[in-house]
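See structure below.
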């Protein structure tokens with residue numbers, strides 16, 4: 001138990017240090033420490049087994065420790081509103097990634113239109129709040145429903161076709177969405193929708209700077225905690241679904257459609273359910289993004305972001321729920337950390353993903369084989 | 001309703017676009033045929049073809065060999081060679097090793113590879129972020145035929161495109177390598193048992209497909225008068241759509257699909273108000289409808305599933 005908590009505190013310190021280190025010496029020291037830690041857990045077998053056993057036995061402690069770390073992170077980042085924002089963004093990607101992973105990983109419904117569904121959520125929030133004057137929190141709840149509805153209506157016929165064609169249709173959908181948003185009048189064209197009012201819950205506007213334990217936090221910390229709650233709830237719901245009969249049925253569907261059909265699983269219905277549940281969370285992430293940054297525009301939801309979402313789940317591990325969290329927490333902040341490489345960033349990003357797919361295709365945190373007692 | 005001449009004119013322009021799309025689509029369909037994969041960086045290979053041609057033209061110009069036809073022919077040859085080799089390298093690095101794992105992996109790997117190619121051009125080509133002017137080397141001028149303005153350069157583009165297609169048809173149907181490609185497409189294992197060298201056949205297929213994309217890239221540069229590093233994204237998506245409309249795996253289907261997509265784009269631009277902005281929406285919507293009602297494409301075979 002002590003080992004678990006110690007490891008997690010060390011991890012927390014390393015993450016905070018990695019994010020905050022500014023001077024080259026500090027950065028190099030942190031990098032060396034992280035590499036040493038990784039190498040130790042990878043190559044020192046006794047340590048590795050001890051850690052593995054400790055985490056397995058004290059599962060609950062590990063979860064509580066992780067939650068405490070996530071809650072304490074804004075305190076460590078209090079000096080930097082920017083990094084609080086990036087951390088919030090990572091949590092949004094956790095939400096979106098869980099939704100997308102439920103579609104692609106669990107059900108095998110290849111959705112490359114993640115950006116478009118997030119955009120549907122975001123634009124709904126923009127239109128409802130700015131044009132129709134709805135309160136933000138209500139709009140954030142309605143946004144994902146629009147994503148679900150549009151997805152269900154447009155894609156029912158196509159869900160039957162599989163693999164490559166579904167990929168094509170969803171890619172085409174992202175392009176259609178982008179062209180429409182760029183050229184329609186009521187969505188503001190290339191300018192997008194500006195001045196989306198911020199979240200306000202029970203008279204508490206999210207722009208006030210909170211103070212926790214006497215430490216003044218940047219205003220983005222509000223969004224951080226809201227996004228943390230959202231990501232945690234999403235992960236819990238997806239976990240429950242994954243462990244239920246539905247998750248098992250969808251896994252069967254993904255692995256062998258004909259066998260699934262023989263077991264009495266309706267293919268169209270199963271795919272539609274998975275697609276809709278996934279789109280809900282993707283749309284939720286997009287809607288939250290809209291109220292967080294206060295505006296939406298077409299380039300925020302272009303095909304490149306679909307790729308980032310897809311990378312999150314593949315780097316983490318397809319069909320792996322903790323993998324999505326790991327993937328999002330790595331892929332979102334890392335490019336920001338390496339901003340000094342500015343123009344080579346995307347190039348390296350592509351290279352890293354290709355190398356990763358070639359040498360570790362199962363992801364960093366592969367899904368476990370289901371166990372039944 | 002716009003006048004008939006305008007429609008005819010747009011259909012003619014669509015033919016031009018369609019030839020380029022068809023050349024890209026043939027690549028998609030060939031790769032799908034031999035390896036059952038979608039090679040998503042193909043769009044960026046098309047872009048690379050255009051830039052390779054542009055560099056060769058610039059080099060020739062600097063060396064003083066500026067004569068239109070000769071320079072153009074050399075540019076085509078060099079670009080086909082360079083792009084074909086890059087295509088083979090792409091296949092060796094990230095298509096073939098992943099061909100046995102789930103299609104999702106190939107998808108992401110090739111999409112990322114496309115990103116790498118795109119960013120490399122952006123970074124390493126001098127002032128890569130700007131659209132590059134493409135020299136006008138085709139004969140200018142033209143004539144009018146029944147209200148349709150026909151330019152000589154358009155005719156030249158059509159001629160080059162059709163030559164490339166005929167060449168592919170001959171390679172696939174008349175050569176040993178073509179027979180090997182067809183055999184592998186039908187059944188890779190049986191083909192290997194008959195003495196077909198799988199690796200070499202796959203390499204050859206990717207060389208041919210990427211070379212065609214290079215031709216398409218050069219034609220696109222000649223047609224629009226400029227090339228840009230992001231042209232591969234739409235080029236790739238449209239090429240894939242065209243291959244899918246035609247039926248993946250069928251070369252003639254890809255050609256028909258490409259021509260159809262080009263015509264759809266231009267005629268919808270003429271028929272719909274503000275059509276030039278929404279032409280891609282219409283074209284992609286038709287692709288979606290197509291896949292609903294005829295998921296195996298125009299010329300695709302119906303696949304029967306067996307357990």
Open item on the list: Taking only the Cα atoms of the stretch B:1-159, how large is their convex hull per residue, in Å³?
Closed with: 156
- [ ] Provide Rg and Dmax in Å for the protein assembly as shown, with only Cα atoms included in the calculation.
- [x] 26.6, 87
Task: Computed helical MRE - 222 nm, chain B, DSSP H runs ≥ 4 contributing -39500 (n - 2.57), nearest 500 - done: -25000 deg cm²/dmol
Task: Calculated over the stretch A:1-76: convex hull of Cα atoms, volume per residue (Å³) - done: 75
Open item on the list: Counting pairwise Cα distances across chain B, what percent come out greater than 28 angstrom?
Closed with: 38
Open item on the list: For the stretch A:57-169, I need the span (max minus min coordinate) of the C-alpha atoms along each principal axis, in Å, sorted largest to smallest.
Closed with: 48, 46, 23
Task: Residue order, fewest to most surrounding Cβ atoms within 10 angstrom, among B:124, A:223 - done: B:124, A:223
Task: Normalised contact order of chain B, rounded percent, pairs of Cα under 8 Å and 6 or more residues apart - done: 36
Task: Normalised contact order of chain A, rounded percent, pairs of Cα under 8 Å and 6 or more residues apart - done: 27
Task: Order of B:175, A:208, A:198 - criterion: other Cβ atoms within 10 Å of each residue's Cβ, fewest first - done: A:208, B:175, A:198
Open item on the list: From zero outward in steps of 10 Å, how is the percent of C-alpha pairs of the stretch B:159-251 spread across the bins?
Closed with: 14, 39, 32, 12, 2
Task: Among A:274, A:76, A:32: highest mean-square fluctuation, GNM of chain A, C-alpha pairs under 10 Å - done: A:32
Open item on the list: Please compute, over every Cα-Cα pair in chain A, the percentage with a separation greater than 34 angstrom.
Closed with: 29
Open item on the list: Give me the three principal axis extents of the stretch B:104-169 from the C-alpha atoms, as integers in angstrom, largest value leading.
Closed with: 50, 35, 22
Open item on the list: Over chain B, with a Gaussian network built from C-alpha contacts below 10 Å, which listed residue (B:240, B:261, B:293) shows the highest mean-square fluctuation?
Closed with: B:293
Open item on the list: Cut-off is 10 Å between beta-carbons; in what order do B:279, B:174, A:57 appear when sorted fewest neighbours first?
Closed with: B:174, A:57, B:279
Open item on the list: Just want to confirm a number: the relative contact order over the stretch B:121-225, from Cα pairs under 8 angstrom separated by 6+ residues, in percent.
Closed with: 28
Open item on the list: Of the candidates B:47, B:263, B:193, which one comes out as most mobile in a Gaussian network treatment of chain B with C-alpha springs shorter than 10 Å?
Closed with: B:193
TODO: Rounded to the nearest 500, what is the 222 nm mean residue ellipticity of chain A from helices alone, with -39500 (n - 2.57) per DSSP H run of 4+ residues and division by all residues?
DONE: -23500 deg cm²/dmol
Task: Average beta-carbon neighbours from other chains, 10 Å sphere, peptide B:282-289 - done: 4
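Each value in this text was obtained by applying a stated rule to the coordinates, not by laboratory testing. Note that the structure is a prediction, hence the values are computed from the model and not measured. Here the Cβ is made from the backbone with ideal geometry for all residues, glycine too, and neighbour counts use every protein chain on show.
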